[in-house]
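Okay, so here's the structure we're looking at.
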Amino acid sequence: MQGKLIVFEGVEGCGKTTQIQLTSEWLLMKGVPVIVTREPGGTPTGRHLRRLLLEANNNAIDPRTELLLYAADRAQHVEQELKPNLAAGKYILCDRFIYSTIAYQGHGRGLDMKLINQLNTIATAGLEADLVVWFDIDVETGLARKRRSAYVADRIELELIDFHHRVQQGYTILASMYPEKIVKINANQDINTIQSQIQQVCIQRLPDLPIK
(Lines give C-alpha, C1' and ligand atoms only; values in the text may rest on other atoms or scores of the structure.)
Protein backbone atom coordinates (compact mmCIF):
# COMPACT_ATOMS: atom_id res chain seq x y z
CA MET A 1 0.00 0.00 0.00
CA GLN A 2 1.30 3.42 -0.96
CA GLY A 3 1.83 5.79 1.95
CA LYS A 4 0.89 9.47 2.18
CA LEU A 5 2.95 12.64 2.45
CA ILE A 6 1.50 15.16 4.90
CA VAL A 7 3.35 18.49 4.94
CA PHE A 8 3.25 21.10 7.70
CA GLU A 9 3.96 24.71 6.72
CA GLY A 10 4.00 28.19 8.20
CA VAL A 11 6.07 31.17 9.28
CA GLU A 12 8.47 31.12 12.22
CA GLY A 13 6.88 30.28 15.56
CA CYS A 14 3.62 28.97 14.10
CA GLY A 15 3.71 25.78 16.19
CA LYS A 16 4.56 23.20 13.53
CA THR A 17 6.98 21.20 15.66
CA THR A 18 4.53 20.71 18.52
CA GLN A 19 1.66 19.74 16.24
CA ILE A 20 3.77 17.33 14.18
CA GLN A 21 4.72 15.51 17.37
CA LEU A 22 1.11 15.36 18.58
CA THR A 23 -0.13 14.20 15.17
CA SER A 24 2.52 11.49 15.10
CA GLU A 25 1.46 10.25 18.54
CA TRP A 26 -2.22 10.22 17.49
CA LEU A 27 -1.56 8.28 14.28
CA LEU A 28 0.70 5.76 16.02
CA MET A 29 -1.97 5.24 18.70
CA LYS A 30 -4.44 4.53 15.88
CA GLY A 31 -2.15 1.94 14.35
CA VAL A 32 -0.95 4.05 11.40
CA PRO A 33 2.72 3.56 10.40
CA VAL A 34 4.32 7.02 10.72
CA ILE A 35 7.68 8.68 10.28
CA VAL A 36 8.55 12.30 11.07
CA THR A 37 11.06 14.21 8.99
CA ARG A 38 11.96 17.75 7.98
CA GLU A 39 13.47 20.02 5.37
CA PRO A 40 16.20 20.97 5.46
CA GLY A 41 17.94 18.22 7.40
CA GLY A 42 15.98 15.03 6.86
CA THR A 43 19.03 13.03 5.78
CA PRO A 44 22.70 12.88 6.88
CA THR A 45 23.63 14.99 3.85
CA GLY A 46 20.74 17.32 4.62
CA ARG A 47 21.94 17.88 8.16
CA HIS A 48 25.20 19.31 6.82
CA LEU A 49 23.24 21.54 4.45
CA ARG A 50 20.94 22.64 7.28
CA ARG A 51 23.91 23.92 9.28
CA LEU A 52 25.12 25.90 6.27
CA LEU A 53 21.70 27.36 5.65
CA LEU A 54 20.65 28.27 9.18
CA GLU A 55 23.81 29.24 11.09
CA ALA A 56 23.11 32.71 12.45
CA ASN A 57 26.55 34.06 11.55
CA ASN A 58 26.52 32.73 7.98
CA ASN A 59 25.30 35.97 6.41
CA ALA A 60 27.27 35.80 3.17
CA ILE A 61 25.02 33.29 1.41
CA ASP A 62 23.67 34.72 -1.83
CA PRO A 63 19.89 34.17 -2.28
CA ARG A 64 20.52 32.03 -5.37
CA THR A 65 23.01 29.90 -3.44
CA GLU A 66 20.45 29.55 -0.67
CA LEU A 67 17.84 28.40 -3.19
CA LEU A 68 20.18 25.81 -4.70
CA LEU A 69 21.17 24.45 -1.28
CA TYR A 70 17.52 23.96 -0.36
CA ALA A 71 16.96 22.20 -3.69
CA ALA A 72 19.94 19.93 -3.06
CA ASP A 73 18.63 19.04 0.39
CA ARG A 74 15.21 18.27 -1.09
CA ALA A 75 16.56 16.08 -3.89
CA GLN A 76 18.48 13.95 -1.39
CA HIS A 77 15.51 13.85 0.98
CA VAL A 78 13.06 12.72 -1.71
CA GLU A 79 15.29 9.89 -2.93
CA GLN A 80 16.66 8.69 0.40
CA GLU A 81 13.69 9.17 2.75
CA LEU A 82 10.39 10.13 1.16
CA LYS A 83 10.07 7.76 -1.80
CA PRO A 84 11.26 4.60 0.03
CA ASN A 85 8.99 5.21 3.02
CA LEU A 86 5.98 6.03 0.86
CA ALA A 87 6.58 2.83 -1.11
CA ALA A 88 6.66 0.97 2.21
CA GLY A 89 3.20 2.32 3.09
CA LYS A 90 4.34 4.85 5.69
CA TYR A 91 2.52 8.06 6.48
CA ILE A 92 5.15 10.80 6.43
CA LEU A 93 4.79 13.96 8.52
CA CYS A 94 7.19 16.43 6.91
CA ASP A 95 8.15 19.77 8.45
CA ARG A 96 8.32 21.97 5.30
CA PHE A 97 8.46 21.04 1.61
CA ILE A 98 8.29 22.91 -1.72
CA TYR A 99 5.81 25.45 -0.33
CA SER A 100 8.46 26.86 2.01
CA THR A 101 10.76 27.47 -0.95
CA ILE A 102 8.02 29.30 -2.83
CA ALA A 103 7.11 31.39 0.24
CA TYR A 104 10.63 32.11 1.54
CA GLN A 105 12.85 32.22 -1.52
CA GLY A 106 10.13 33.30 -3.97
CA HIS A 107 8.02 35.81 -2.05
CA GLY A 108 10.51 36.52 0.74
CA ARG A 109 13.69 36.86 -1.33
CA GLY A 110 12.00 37.89 -4.55
CA LEU A 111 13.70 35.22 -6.66
CA ASP A 112 12.25 34.25 -10.03
CA MET A 113 9.23 32.03 -9.47
CA LYS A 114 9.67 30.18 -12.74
CA LEU A 115 13.20 29.20 -11.70
CA ILE A 116 11.95 28.09 -8.28
CA ASN A 117 9.24 25.93 -9.83
CA GLN A 118 11.77 24.34 -12.19
CA LEU A 119 14.14 23.54 -9.34
CA ASN A 120 11.31 22.15 -7.21
CA THR A 121 10.26 19.89 -10.09
CA ILE A 122 13.82 18.62 -10.48
CA ALA A 123 14.35 18.14 -6.73
CA THR A 124 11.07 16.30 -6.13
CA ALA A 125 11.21 14.21 -9.34
CA GLY A 126 7.47 14.82 -9.53
CA LEU A 127 6.61 13.81 -5.96
CA GLU A 128 3.71 15.83 -4.53
CA ALA A 129 2.24 16.19 -1.07
CA ASP A 130 -1.08 14.48 -0.41
CA LEU A 131 -2.07 17.09 2.17
CA VAL A 132 -0.59 20.40 3.32
CA VAL A 133 -1.48 21.86 6.72
CA TRP A 134 -0.73 25.58 6.84
CA PHE A 135 -0.55 27.18 10.29
CA ASP A 136 -1.75 30.74 9.80
CA ILE A 137 -0.46 33.15 12.44
CA ASP A 138 0.51 36.80 12.69
CA VAL A 139 4.20 37.21 11.97
CA GLU A 140 4.79 39.25 15.13
CA THR A 141 3.02 36.66 17.28
CA GLY A 142 5.09 33.83 15.85
CA LEU A 143 8.41 35.63 16.29
CA ALA A 144 7.44 36.62 19.86
CA ARG A 145 6.86 32.94 20.64
CA LYS A 146 10.38 32.18 19.46
CA ARG A 147 11.87 34.96 21.57
CA ARG A 148 10.07 33.71 24.70
CA SER A 149 11.72 30.31 24.39
CA ALA A 150 15.32 29.38 25.11
CA TYR A 151 15.79 28.69 21.41
CA VAL A 152 18.69 30.50 19.70
CA ALA A 153 17.44 32.31 16.59
CA ASP A 154 18.73 31.03 13.24
CA ARG A 155 19.72 33.01 10.14
CA ILE A 156 16.22 33.02 8.67
CA GLU A 157 14.51 34.03 11.91
CA LEU A 158 16.89 37.00 12.21
CA GLU A 159 15.70 38.49 8.92
CA LEU A 160 13.95 41.88 8.99
CA ILE A 161 10.23 41.89 9.78
CA ASP A 162 9.32 42.91 6.21
CA PHE A 163 10.86 39.67 4.95
CA HIS A 164 8.63 37.61 7.25
CA HIS A 165 5.55 39.55 6.16
CA ARG A 166 6.36 38.78 2.52
CA VAL A 167 6.71 35.09 3.43
CA GLN A 168 3.32 35.15 5.16
CA GLN A 169 1.78 36.79 2.11
CA GLY A 170 3.32 34.03 0.01
CA TYR A 171 1.57 31.36 2.06
CA THR A 172 -1.72 33.25 1.78
CA ILE A 173 -1.39 33.29 -2.01
CA LEU A 174 -0.48 29.60 -2.12
CA ALA A 175 -3.51 28.65 -0.03
CA SER A 176 -5.81 30.55 -2.38
CA MET A 177 -4.21 28.88 -5.41
CA TYR A 178 -4.40 25.30 -4.11
CA PRO A 179 -7.46 24.98 -1.83
CA GLU A 180 -7.79 21.30 -2.70
CA LYS A 181 -4.31 20.66 -1.31
CA ILE A 182 -3.64 23.29 1.38
CA VAL A 183 -5.77 23.51 4.53
CA LYS A 184 -5.48 26.63 6.68
CA ILE A 185 -5.44 26.21 10.45
CA ASN A 186 -5.74 29.20 12.76
CA ALA A 187 -2.53 28.85 14.78
CA ASN A 188 -3.60 31.43 17.37
CA GLN A 189 -5.83 28.81 19.03
CA ASP A 190 -4.81 26.60 21.95
CA ILE A 191 -2.73 23.50 21.25
CA ASN A 192 -5.49 20.94 21.86
CA THR A 193 -7.98 22.74 19.64
CA ILE A 194 -5.46 22.91 16.81
CA GLN A 195 -4.63 19.23 17.18
CA SER A 196 -8.30 18.27 17.10
CA GLN A 197 -8.73 20.23 13.88
CA ILE A 198 -5.69 18.55 12.32
CA GLN A 199 -7.09 15.13 13.15
CA GLN A 200 -10.41 16.02 11.52
CA VAL A 201 -8.62 17.35 8.44
CA CYS A 202 -6.61 14.14 8.11
CA ILE A 203 -9.75 12.00 8.39
CA GLN A 204 -11.67 14.12 5.89
CA ARG A 205 -8.92 14.68 3.33
CA LEU A 206 -7.27 11.25 3.48
CA PRO A 207 -10.13 8.74 3.03
CA ASP A 208 -7.69 5.79 2.91
CA LEU A 209 -6.24 6.62 6.34
CA PRO A 210 -6.02 3.19 8.03
CA ILE A 211 -7.26 4.24 11.47
CA LYS A 212 -8.13 1.36 13.80
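The values are calculated or read from the model by the stated rules, or taken from the named source; none is laboratory data. Being a predicted model, the structure only gives us computed values, none of them experimental. We place every Cβ from the backbone using ideal geometry, glycine too, and count neighbours over all the protein chains shown.
Scan D136, D162 and give me the residue that is among the acidic types (D, E) and in contact (Cβ under 8 Å) with a residue 60 or more places away in the chain.
Numbers: D162 fails: in contact (Cβ under 8 Å) with a residue 60 or more places away in the chain.
Just one listed residue meets the conditions, D136.
Check L27, L22, L82 and return the single one that is assigned to a helix (DSSP H, G or I), among the aliphatic types (A, V, I, L, M) and more than 17 Å from K4 (Cβ to Cβ).
Details: L27 fails: more than 17 Å from K4 (Cβ to Cβ); L82 fails: more than 17 Å from K4 (Cβ to Cβ).
The unique qualifying residue is L22.
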Looking at (1) farther than 29 Å from N57 by Cα; (2) among the small types (G, A, S); (3) over 18 Å from the mean Cα position of the chain (by Cα), which is the only condition A129 fails? (3)
Within segment 117-135, take every residue that is among the hydrophobic types (A, V, I, L, M, F, W, C), out of contact with any Leu (no Cβ under 7 Å at 6 or more places or on another chain) and assigned to a helix (DSSP H, G or I) and give me the one that is surrounded by the fewest Cβ atoms within 10 Å (Cβ to Cβ). I122
Give the residue that is nearest to R50 (Cα to Cα), with candidates limited to residues of segment 136-160 that are assigned to a loop (DSSP other than H, G, I, E, B) and of a type in the set (A, V, I, L, M, F, W, C). I156
Restricting to segment 103-116, name every residue that is out of contact with any helix residue (DSSP H, G or I) (no Cβ under 6 Å at 6 or more places or on another chain) and either in a helix (DSSP H, G or I) or crowded, with 20+ Cβ neighbours inside 10 Å (or both). K114, L115
With respect to L68, determine if the residue is within 24 Å of P210 (Cβ to Cβ) and at pLDDT 95 or above. no
Filter result (without any contact (Cβ under 8 Å) to a residue 40 or more places away in the chain and either more than 16 Å from L22 (Cβ to Cβ) or basic (K, R) (or both)) within segment 172-212: T172, S176, M177, P179, E180, Q204, P207
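Output the residue which, of all residues in segment 165-212 that are among the acidic types (D, E) and under 22 Å from E128 (Cβ atoms), is surrounded by the most Cβ atoms within 10 Å (Cβ to Cβ).
Here is the first cut: in segment 165-212, the residues among the acidic types (D, E) are 180, 190, 208.
Applying the additional criterion that residues be under 22 Å from E128 (Cβ atoms) yields 180, 208.
On the way: E180: 6, D208: 9.
This residue is D208.
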